[in-house]
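Read-outs: derived from the displayed coordinates by stated rules, not from any lab. Computed from a prediction, not measured in an experiment: that's the story for all the values here. Glycine also receives a Cβ, built like all others from the backbone with ideal geometry; neighbour counts cover every protein chain displayed.
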Amino acid sequence: MPIGHYLFLSLALFLIGAIGVITRRNVLIVLMSIELILNAVNINLVAFSRYFGDVAGQVFALFIIAAAAAEAAVGLGIIIAFLRNRETVLADEMDLLKW
Amino acid sequence: MLDSVIFYFFAGIAIVSAVLMITRRNAIHSAIFLITTLLATAGIFLQLRAEFLFISQIILFVGGIMVLFIFVIILVRLDVPLPQVRWRTQKWIALLVTLAVGMEAGVVLWFARKIPGQGLIFPNPAPADKLHPNTEELARSLFGSYLLPFEIASVLLLVAMVGAVVMAKKRIDA
Amino acid sequence: MTFPGYFLSHLWLIPLFPLISAAAMFFFGRRLSKEAVNLFCVGSVFLSFLHALGAVLKLFALPASQRVYQQILFPWVTPGAMPTATGMVNFVADCGYLLDPLSCVMVIVVTFVGFLIHVYSIGYMAHEGGYYRFFGYLNLFMFSMLTLVLANNLLLLFVGWEGVGLCSYLLIGFYFLKKSAADAGKKAFIVNRIGDAGFLLGLLLVAATFGTVRFTSQGLPDPAAFSGILQTLANMVAQHQVAYGASVFTAIALLLFVGAAGNSAQIPFYVWLPDAMEGPIPVSALIHGATMVVAGVYMVARMSAIYQLAPVAMDVVAVVGAATALFAATLAVVQTDIKKVLAYSTISQLGYMFLALGVGAFAAGVFHLMTHAFFKALLFLGAGSVIHSLSGEQDIRKMGGLRYTIPATSVPFLFATLAIAGVPGLSGFFSKNEILGHIFNRHQMMDRYLVLWVVGIFTAGLTAFYMFRLLFETFYGMSRVSIALEGHIHESPKTMTVPLMILAFFSIVSGWLALPILWGEESPFERFLEPSLRGVEVDTGEIAFGRHTLLAEYSLMAASVALVAVGWWLAYKLYLDSPKLHTKLAESWPRLHNLLIHKYYVDEIYDALFVNRIKDLSTALGFFDSKVVDGLGVDGAGWLVRRFSRISIWWDKWVIDAVVNLLGRFPKFLSMPMRMFQTGVFSTYAVFILIGLAVLLGYYGHHVQIFVRTLH
Amino acid sequence: MSPMLHSILAFVQAWWVELLCALLIVLVVPLIAVYIALVERKFMADVQARPDSTRVGPHSLLQQIPDALKLLFKEDLIPANADQFIFWFAPVLSMTAALTSMGAVAFGPWFQVARDINLGLLFAVGVSALRPLGIILGGWASNNHYPIIGALRSTAQLISYETTAGFALVSGFLLAGTLNVRAIVEIQRTDQAWFVFLAPVGFFIYLIASIVETNREPFDLPETKSELVAGSIAEYGGFRWLLYFLAEYANRIVVASVGTTLFLGGWLRPFPNVRWLIWLDAAPTLLLAAVGAYCVFRAGKQPAREQSLFMWAVALACFVVAAIFALAAPFGHLPFELMHNGLYGAFWLLLKVSAYIYIFTWLRFTLPRFRFDQLMRLGWHILIPLALINVVDVGIALALSSEFGLNRWLSMVITTVATLGAAMLLLHWNDKYADAASAGLLADSSVVEGTHAG
């Protein structure tokens, strides 16, 4: 079966994730959406690696998983710290970083 | 044929539960649907004969990251549905833009498929029984040509761990 | 040249071990436990002792003609071409090590005695503060001393020289909270520096004369390439560029001797040594008894080639030595502080050595150096053990009868006393007789040496007297220990007594190296040292006498033994038989007694002559500095600056800042619309990212097409 | 539609053996689990010096069947404020995870579901990583403090000890050089040594970690009956509870068989290469025959007629199977061969697995329960570092024997001694800083529980 299907799938997942990032207010769900996006990328990589018979793609998928783990740990840490200081996890209330 | 059946099966699960994931109000539900998405993705990896990635997807993403998420959600009582009002405008903009991106990418891929002659020009995947054992392959290139990135990734994880501890640790003085 | 073997080729390790452990002490000694400190420091010294022993044995194995091993690690000071008496030469002072018979003796003595004293210090310093500091200094000293001894050129020797000076300063002032100790340290340091000035000048003169400071070029792969003082000297003499007794040699020899006198506490520089007794006993034993103070002797012996060509300088050395020997001996007679007595005896023994050097008996001097190292170290350590067991009491009038309570200390002390007094059969006897014999030889040539001989032999008697006095006062007779201390007199721990015994053994046997003299042969020790002291054959114009006959030898010995016996008898009479007698004696000659008690008022004279003058000068300078320099110059400048700054403040405020603010406001005003985008909410930024992505895709879409098409 | 059907048919005819195995597992595992529970009951009775139920069947061998039926027909309660969907989802997830991870276990050279997936044991370990999800979701869904606390605890301990077990397994994988189950067992045959002798420390660590992972006493903190009623499954009853129950026992079987496969030589009989022990191959037959004989012997003594009939039936079954075994041995050709290997393998493997689980039970009734911070300290301060050191040491041992030609056993002994020394050191330090550590951990665990209890 042509690789296009995989690409379309990952595109769809990516877009869904992007929508989640943009529209949700709950930071945790935003983080999850980011995980979803990373996952979509992984699908791409693995598909290509399969179709080129080159394992490098899977290696990078592994790295992406590692990065995702790091991102989750740090992100959740930030959220907990934020919650402790500002009592909120709403994305649009985290707006200190502006002019 | 069987491959494609499996693929469509998993892809359907993935997309549906992804949509559900971003539409649930309750964070825990979103987490569960994300988990199903990830599992479905893992299935697709398996269908792509990337066994090791499949297992590490399950161990790390599902068994590690998502458990962490749920843990945090329960710990800080985020399992109550949060108000989802305000800034509709941005939401509409967002949807619009996203759809635009999707359209464009879709068009690109589609026309790439529709080149006169044949479809996407790719070497067809090697038959499954001809493949080398995936884990060994991965290990070889991971510790061979990608050793430095591997080390860097490990350092990244270490740093992330320390950072998470530092940030989430309860200040004794405060 | 055959492969030297491990020990010789790793000669540089010998000084390195103490240096490493010293560094360890200074960097993280504070955190180490006492056991660790012991392990590090004593272990390192022991290692270097082993290596030294190995190297020396290796050297013994070689035939006498080639018993020189020299090793140049790297060229160290390379100022390039330099005008010298021998023309332009490419001056190089390299970092290299030289092992020849002379340095063999020194290195063995230093490492062995040093090791024993380290062991001793474990027990002695056990209850002191700054344990690791003490051992660190001690190891640093070992490093410097070994560098001094093993250096293959005068400059490196000078480095070691200054190093030992520094360590002596640090260790004398070890109890730096005690003012007297700090002062003593400073005194020693300053006096030494005065001497070192002379040394430095001599060094420069050597460099300027010979164009090299390397002692010799023997033992090097190709001696031709490396010029050594000895060879250059030989050439100069051979080409009649200089004659016997040339003034330049005299100058060099005298200047170097100034340095030697400073370091080895000869008149007029001896004043620092008695005060140096403020330091802990092991320090006195190691630095001010056995090793450092003899560095001067070693240096003079090392430069013997030059001295042999400078008769005037030789006489100066001899006279100064003799004077110091007698002088210090007389002072030692009346001292009541056990350490002070030993200090003065050290000075007088050093005088002895210089006397030997001065009459050209270099080997005898070095021989006495070695024996003296053993028994003087033993004496100091024994004294330390006594003080330790009397918990700090140093006044011999408050001692007595200690041999019953602390036998393990008193027996070695007894042997040391016998040795230094020159009782037949012990080491001191042989070495002193060597010296006296050589002087006597010279006297056969020139009568004026008779004086020196008389002084020497009289000093021997005096030595016997005050040493026996010390012995009797301390260990024999009635106990005069104060009641408070009487209760807990305790024998010192094993770590202190065992080194005493070892040293006692060596202070007995080390003299037997010269035993064959008794049946008229020359001593094997001198034969061993001869290659490195040979110097340059030159016509001195003197008639060379052979060694005096065996009969004369025996009669000389008899004379000295008789004097020793007299000294012993006097001491016995005055201090043991009828203790009242010596006080009576003192009262009967109050003048003389006071003179001796006040050390001939030398310190007072020095104060009056130099110290106070310098103080006055510095007060004057201080006045000038505070009033003129600070008052007018600095304060005036400050006042002006204040005035001017007022103006510049105004300018800065109302002109410069105004412009700056204007420049700041302008972009702020311009950037108004841009700031609208910065909502601070990340999802907005995500939207922007997506928009950008959309634009890019829309524009590059067809490129992506091509990309996809030509992927394979 | 037809291509779909066709493909499914193709699938079936391609994979019928695996499907059969899967079916067998799904059918048999609950039975085994139920009887493990029975054994536990008996054991408990013995330890507590009291008689156990003796009514249903001889020695109440059938006791579990009515129990199971009772659980099945109980009313299916869902707490009012519980989250319906997740409350339904969680036990299913647990059960799925347990059974799926069972798929990688090889009960014999031919008896394995996920056979040519070259992940082997890693599959079992990885899929069982889903377990915490089942527990924590169940705990959260029942919307009650005790279950949530239990869920949090169990998640924490599962995650920590999965790490430990993973490292412990890695030491075994290093020795095997492959992940493939059959390859691992074959290597243990050719090496003439079970890996437990080569990496004892690794096995020990894995033993502890597996006990913790299956929430058994003395580490059963998630469901401490005395503190948290039943912990994360307090609100569950009836069929859902049964699912959890089965999942737990299935997990126990999985960890046990993973440990057995990697460290105890899988389905090999003891000393597989010793000729004169060949008669051990006949052990299952003889055992069955013996059981049959025992049943015949006991049949007469049964009080009721049904019971004696039952005994006869059992005896008959035993004899039949024994006969089949005995027949199977001589015939060379395939179906018999398959059955032969499969059954023998299954016999020995199950023997070892049950010994393993017996150890679990033994500990359960022997040791008092740990405190949570003690458990965590054990994990993070001792076991994980020790496991890491162990991995390194095993690697060193392999290098020594392969690169420097040192004798394998010698190098293993050396490194094992080194590891034990490291363990001593760790314990020493832990004791040294125990107070501070426990204080810190107590603070953290109080954070965990304070958010809800407080």
Per 5 Å bin from zero, what fraction in whole % of the C-alpha pairs of segment D:270-330 is there, up to the bin with the longest pair? 4, 20, 21, 17, 13, 10, 7, 5, 3, 1
Could you work out the relative contact order of chain C? I mean the mean sequence separation of Cα pairs under 8 Å and 6+ apart, divided by the number of residues, in percent. 11
FRET efficiency for C:PHE688 and C:TRP654 from the Cβ-Cβ distance with R0 = 60 Å, rounded to 0.05, comes out at 0.85
Could you pull out every whole DSSP H run in chain D that spans at least 24 Å of Cα extent along its own axis and averages 0.0 or higher on the Kyte-Doolittle scale? D:16-47, D:84-102, D:145-176, D:238-263, D:305-328, D:334-366, D:384-403, D:408-432, D:434-453
Here the gain from full extension of C:ARG397 to C:PHE666, 0.36 nm per residue of separation minus their alpha-carbon distance, amounts to 87.5 nm
Please name whichever of C:TRP512, C:LEU471, C:TYR449 sits farthest to the positive end of the charge dipole of segment C:440-566, dipole taken about the Cα centre and charges placed at Cβ: Lys and Arg +1, Asp and Glu -1. C:LEU471
Using the Cα atoms of the protein assembly as shown, I'd like the radius of gyration and the largest Cα-Cα distance, Dmax, both in angstrom. 48.2, 142
Viscosity 1.567 mPa s, temperature 4 °C: Stokes-Einstein D of segment C:599-676 from its Kirkwood Cα radius, in µm² per second? 69
How high is the relative contact order of chain A, in percent, with contacts defined as C-alpha pairs under 8 Å that are six or more residues apart? 29
First check a/c for segment C:6-597, with a ≥ b ≥ c the square roots of the eigenvalues of its C-alpha gyration tensor; if it is under 1.5, answer rounded, and if not, answer prolate when a/b is larger than b/c or oblate otherwise. oblate
In terms of the Cα gyration tensor, with a ≥ b ≥ c the square roots of its eigenvalues, is segment B:1-84 rounded because a/c is under 1.5, prolate because a/b exceeds b/c, or oblate? oblate
Between the modelled labels at D:GLU186 and C:MET446 (7 Å from Cα along Cα→Cβ) the distance in nm is 10.3
If one computes P(r) from the Cα atoms of segment C:282-380, what percent of pairs lie at distances over 16 Å? 53
Extended-chain gain in nm, criterion 0.36 nm per residue less alpha-carbon gap, B:VAL5 and B:ARG25: 4.0 nm
On the formula 1/(1 + (r/R0)^6), with r taken between the Cβ atoms of D:LEU77 and D:VAL26 and R0 of 35 Å, the FRET efficiency rounded to 0.05 is 0.85
Restricting to DSSP loop positions (anything but H, G, I, E, B) with no more than 16 other Cβ atoms inside 10 Å of their own Cβ, which trypsin sites (Lys or Arg not before Pro) remain in segment C:161-208? C:LYS178
For peptide C:587-600, how many partner chain Cβ atoms fall within 10 Å of a residue's Cβ, on average? 0
Pseudo-spin-label distance D:ALA193 to C:SER180, built 7 Å along Cα→Cβ, given in nm, is 7.3
I need the semi-axes of the equivalent ellipsoid of segment A:4-93: take the C-alpha gyration tensor, multiply each eigenvalue by 5, square-root it, list largest first in whole angstrom. 31, 16, 5
Compute the label zone of D:HIS6 within segment B:1-36: residues whose backbone N is under 17 Å from the point 7 Å along Cα-to-Cβ. B:1-6
Average beta-carbon neighbours from other chains, 10 Å sphere, peptide A:45-54: 6
Projected label distance in nm at B:HIS132 and C:PHE26, using a 7 Å step from Cα toward the beta-carbon: 5.7
Per residue of A:79-92, other chain Cβ atoms within 10 Å number on average 4
Loop by DSSP (not H, G, I, E, B), at most 13 other beta-carbon atoms within 10 Å: where is the longest site-free stretch of chain C for chymotrypsin sites (Phe, Trp or Tyr not before Pro)? C:177-544
Quick calc, D:TRP409 & D:TRP88: beta-carbon distance into FRET formula, R0 56 Å, rounding 0.05, result 0.55
Suppose every Lys and Arg Cβ carries +1 and every Asp and Glu Cβ carries -1, with no other charges. What dipole size does the protein assembly as shown come out with about its Cα centre, to the nearest 20 debye? 2220
In nm², the average projected area of the convex hull spanned by the Cα atoms of chain D is 27.4
Identify, among C:VAL634, C:TYR572, C:PRO673, the residue whose Cα sits farthest towards the positive end of the charge dipole of segment C:559-712, taking +1 on the Cβ of Lys and Arg and -1 on the Cβ of Asp and Glu, with the dipole about the Cα centre. C:PRO673
Using the charge dipole of chain D (Lys, Arg: +1 at Cβ; Asp, Glu: -1 at Cβ; taken about the Cα centre), state which of D:PHE87, D:ALA282, D:ILE253 has its Cα farthest towards the positive end. D:ALA282
Output the relative contact order of chain D, whole-number percent, from Cα pairs under 8 angstrom with separation of 6+ residues. 19
